[in-house]
1. What number of residues in region 64-85 are closer than 23 Å to residue 6 by Cβ and touching a residue at least 40 places away in the same chain (Cβ under 8 Å)?
2. If we scan region 114-130, do we find a residue that is closer than 27 Å to residue 55 by Cα and surrounded by fewer than 17 Cβ atoms within 10 Å (Cβ to Cβ)?
3. Among the numbered criteria (1) under 23 Å from residue 17 (Cα atoms); (2) free of Cβ contacts under 8 Å to residues at least 60 places away in the same chain; (3) in a strand (DSSP E or B), which one does residue 154 miss?
4. Being modelled with pLDDT of 90 or more and under 27 Å from residue 65 (Cβ atoms) is the filter here; which residues of region 160-170 pass it?
5. Looking at region 98-152 only, could you name the residues that are at pLDDT 90 or above and among the acidic types (Asp, Glu)?
6. Go over the candidates 35, 56 one by one and state the one that is free of Cβ contacts under 8 Å to residues at least 24 places away in the same chain and outside the structural domain of residue 122 (by TED's automatic domain parsing).
Amino acid sequence: MIDFSSFDLGGLYSIYTSYLNLISDNEEFLKKEGLSELEYKICARNISDYQHCLTLVSIEISKKWDGKSSFSREYIFNLCSIHRKSIIFTLRAGSISFNKFGQTVVGWGSYDEAEKAELLSNLFQVPPVNTYGIIKIETLDHKLPDRDFLKPTFSKEQLELLITEGIDTRDIFEIAF
């Protein structure tokens, strides 16, 4: 068995994604018509092994992650609302947000007036206040649901969850803008 403790978070994240892809590929293979009993057993065993390794990687990610986030609600608000940037959120493998929305969410924060006032107040305090928690996300799928040029990224249920429940800033692995 592989000792995952020697990998950093980036490496663990890549391994986690690879195991997810291996599981998905093997599940697709199982759907093929005319598989022999041996092929079926080997593939089913592979899935079981990959799921076990996925669990081990998740545990190691949790140990190394340690619940801390370097992306505060205020930082994201500053990028989205003040600097008007859309953000690529890469979610931490195995997190609640990752399990709901997948590896990547592209969009911008969606804030009501009370949230805007709170976050602006926090930004301008000396020293600035940083808070962590839920941010609601609006995506291109929200703005242009019936577009022809790109297929939707999220289901209707996921879109509703992004705007009502959002993602937890502690689930964000990295961001790009």
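The values are calculated or read from the model by the stated rules, or taken from the named source; none is laboratory data. As the structure is a prediction and not an experimental result, all values here were calculated from the model. When we count neighbours, we look across all protein chains shown, and the Cβ atoms used for this are built from the backbone with ideal geometry, even at glycine.
1. 4
2. There is no residue in region 114-130 that is closer than 27 Å to residue 55 by Cα and surrounded by fewer than 17 Cβ atoms within 10 Å (Cβ to Cβ).
3. Failed condition: (3).
4. Result: 161, 162, 163, 164, 165, 166, 167, 168, 169.
5. Across region 98-152, the qualifying residues are 112, 113, 115, 118, 138.
6. 35
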